[in-house]
Amino acid sequence: MATSRVSKHFLFQLIFLALIAFNRANGQGLTPDFYKHTCPNLVYTIRTVVDEVMSVAPTLGGPLMRMHFHDCFVRGCDGSVLLDTPNKTEKYAIPNLSIRGFQIIDKVKTAVEKVCPGIVSCADVLAAVARDVTVALNGPSWEVEFGRRDGRVSTVNEALANLLSPFANISTLKQGFQAKGLSVKDLVVLSGGHTVGTSHCSAFNNRLYNFTGKGIQNDADPTLDSEYVPKLKSKCKFGDRNTLVEMDPGSFKTFDLSYFSLVAKRRGLFQSDAALLDDSETRAYVKLHALKDKAGFFKDFADSMIRMGRIGVLTGTRGEIRKVCTKVN
């Protein structure tokens, strides 16, 4: 009988620990009011710096928004993408070489440290900046949940293993999002973030030249609109890896619905964009918002960003509150 009671007690402990792990993995403990008393001017402080930056450098909006995504998909939303050890940390992985604006995060963190020293994590700064640049680009707003702590580990290999490639097919994309606890709908909604920003030719050059690998230079991806190919080739010559091209031509500085119209017309820049037409659920969403349901998309994007911001967060006593975002304390 005593052994039975001990076994039950041990089982309850395991269940309790499992629930704690589940809650942490799903962002439990995060709240918009986390800094209400310890840093009441946090939101105003961050927004002031972001608005100042965006007024002179709006092209940083897209990279700063995606920095939060790239952080959350590797080890969770823990600010690990900001750690800086040359050729060793996440920011030096190939998928992150296109991310710009790290100095802006440093600028924001410095401003926050002046008003609330040692209180606010770099991970929370990233989440708030992602929201504020979206708003500055005429996109939706949402209540950012706070309470994340910063991780102490960051490696190139983990970034390579977890960040989804612009060359990914729909199966890989769905599996990648599912692994992070996100839905198929979240996949297509967050892909809509490609409505702002630019990309290096290297991320899609293979769709323009020798796509089948048979050595035929003019062999383009058949899923790409044939009338769009010459326009892209005029910007990206064969082998060009460095030229920057607008992901949403004509409105790459404005958060709008044009991305979905482009994808529906088979003019999405990446193979991962084109892949959204290969699944019934993602295709239906693309076609719906190609018809300009702005309010619906803006609400969905806000909801998906909140869910993404809960991935694998460190809370309580785990991790640390980094004083400088580029290095552990």
Q.
How big is the dipole moment of the chain about its Cα centre under a simple scheme where the beta carbon of each Lys and Arg is +1, that of each Asp and Glu is -1, and everything else is neutral? Debye, nearest 20, please.
A. 480 debye
Q | Karplus-derived HN-Hα couplings along segment 140-150 (A = 6.51, B = -1.76, C = 1.60, θ = phi - 60°), whole Hz, x at Gly and Pro | A | x, 10, 7, 7, 6, 8, 10, x, 6, 10, 8
Q) Okay, helix-only estimate at 222 nm for the chain: each DSSP H run of n ≥ 4 adds -39500 (n - 2.57), divide by all residues, round to 500 deg cm²/dmol; what do you get? A) -14000 deg cm²/dmol
Q | the chain - convex hull of the alpha-carbon atoms, volume per residue in Å³ | A | 166 Å³
Q. So, in Å, what gap is there between the alpha-carbon centers of segment 162-230 and segment 267-329?
A. 16 Å
Q) Expressed in nm², what is the orientationally averaged projection area of the convex hull enclosing the Cα positions of segment 35-75? A) 3.7 nm²
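Just by accessible area at a 1.4 angstrom probe, what is the order of Asp51, Asp124, Asp279 from largest to smallest?
Asp51, Asp279, Asp124
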Q. In this model, which of Lys265/Lys287; Lys253/Lys299; Lys231/Lys294; Lys88/Lys323; Lys185/Lys253 are farther than 18 Å apart at the alpha-carbon?
A. Lys253/Lys299; Lys231/Lys294; Lys88/Lys323; Lys185/Lys253
Q) Taking N as the number of residues in segment 78-136, what is its alpha-carbon radius of gyration divided by 2.2 N^0.38 Å? A) 1.18
Q) Once the piece of chain linking Asp225 and Val115 is laid out straight, how much longer is it, given 0.36 nm per residue of separation minus the C-alpha distance between them? A) 34.4 nm
Q. Accessible area of Leu82, 1.4 Å probe, to the nearest 10 Å²?
A. 10 Å²
Q | Spherically averaged projected area of segment 41-162 from its Cα convex hull (nm²) | A | 7.0 nm²
**Q.** Farthest toward positive dipole pole in segment 56-193 [+1 Lys/Arg, -1 Asp/Glu at C-beta], among Leu182, Met67, Ser171
**A.** Ser171
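Put Ile119, Ile311 in order of accessible area, largest first, 1.4 Å probe: what do you get? Intermediate results must be reported in sequence, preceding the final value.
Numbers: Ile119 55, Ile311 15 Å².
Largest accessible area first, the list is Ile119, Ile311.
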(Q) How large is the accessible surface of Asp303 in square angstrom, using a 1.4 angstrom probe and rounding to the nearest 10? (A) 50 Å²
Q) Any idea how far the Cα center of segment 95-118 sits from the one of segment 128-144, in Å? A) 16 Å
Q: Quote the accessible area belonging to Glu52 in square angstrom, nearest 10, computed with a 1.4 Å probe and with ligands, DNA and RNA left uncounted.
A: 100 Å²
Q. Sorting His70, His289 by accessible area (1.4 Å probe), largest first, what list results?
A. His70, His289
Q | Pair-distance profile P(r), taking every C-alpha pair of segment 170-307, with 5 angstrom steps and integer % | A | 2, 10, 19, 22, 20, 14, 9, 3, 1, 0
(Q) Can you give the longest run of the chain that contains no chymotrypsin sites (Phe, Trp or Tyr not before Pro) sitting in a DSSP loop with at most 14 other Cβ atoms inside 10 Å? (A) 1-166
Q. How many percent of Cα pairs in segment 258-329 exceed 16 Å?
A. 64 percent
Q. With θ set to phi - 60° and the Karplus curve 6.51 cos²θ - 1.76 cosθ + 1.60, what are the ³J(HN,Hα) couplings of segment 188-205 in order, to the nearest whole Hz, using x for Gly and Pro?
A. 6, 5, 5, 4, x, x, 5, 6, 10, x, 10, 9, 6, 4, 4, 7, 8, 4
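The values are calculated or read from the model by the stated rules, or taken from the named source; none is laboratory data. Here the structure is a predicted model, which is why all the values come from computation and not from measurement. Here the Cβ is made from the backbone with ideal geometry for all residues, glycine too, and neighbour counts use every protein chain on show. Surface areas here come from the heavy atoms of the whole protein model, side chains and all, with no ligands, DNA or RNA. Shrake-Rupley method; radii C 1.70, N 1.55, O 1.52, S 1.80 Å.
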